[in-house]
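The block underneath contains the structure these notes are about, expressed in structure tokens.
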Amino acid sequence: MKDQKCPICGTGSLRKEIGAETFEYKGKSISIPNYVTYACDACGEAIVDNNTMKKSGKILKAFKREVDGLLTAEQIKAIRAKLGLTQNELAEIVGGGAKSLARYESGQVCQSRGMDNLLRILDAYPHTLNVIQKKESSSKTTGNIAYFEEYKYKMGKEDRLKGKTSAFTVDTQEAAYGS
Ligand SMILES: [Zn+2]
């Protein structure tokens, strides 16, 4: 971008500047080092370098997550690994599509508070995945909470994905579809 005319005013020329840039969000601030901009000597506008924009974008999203108390990209990835699901499979359950989920995990996009809550619930109570996936009616599962707890420990990853394990599940499905 050396000796390039300023696209804002069209008269000044741009000069590369590298320095720390401070950003604020909800009263908290973060400093990003080696922030590259091209400043116009005439109008004073500064254009942010593309690479800097990409890198700082991720840093700022992570900062926003931290300030807002949202799960980090790594935590989301870890939750999905713990559930034993692919991005497609988890996206089917939480909604929003596999692309969105991939962006949460790469740190490109910040998840909503609702999405964050849902992921935390799945993390804390992974056996609830069964209720969601099989769409079991509540009347069939009432009174089986204790069984459910036990069921959670018996359940292997593969079995959960295939959607069949204990007698409990089979019985429920027969009750739901058989009659
Ligand atoms: Zn200018």
query: If Lys and Arg each add +1 and Asp and Glu each add -1, what is the summed charge of the other residues whose beta carbon sits under 15 Å from the beta carbon of Asp116?
result: +3
field: Ser13-Thr52 FRET efficiency (beta carbon distance; Förster radius 22 Å; 0.05 resolution)
entry: 0.65
field: Burial ordering of Val109, Val131, fewest other beta-carbon atoms within 10 Å first
entry: Val131, Val109
statement: For Tyr25 and Thr86, extending 7 Å from Cα along the Cα-Cβ vector and measuring point to point gives, in nm, a value of 3.1
- prompt: Roughly what would the spin-label model give for Ala39 and Ala124, points 7 Å off Cα along C-beta, in nm?
  reply: 4.9
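So for Met115, Met53, fewest C-beta neighbours within 10 Å to most, what's the order?
Neighbour counts put them in this order, fewest first: Met53, Met115.
Any read-out appearing in this document is the output of simple, stated calculations on the displayed coordinates, not a laboratory observation. Quantities reported herein were computed from a predicted structural model and do not represent experimental measurements. Every residue, glycine as well, gets a Cβ built from its backbone with ideal geometry; the counts of neighbours run over all protein chains shown.
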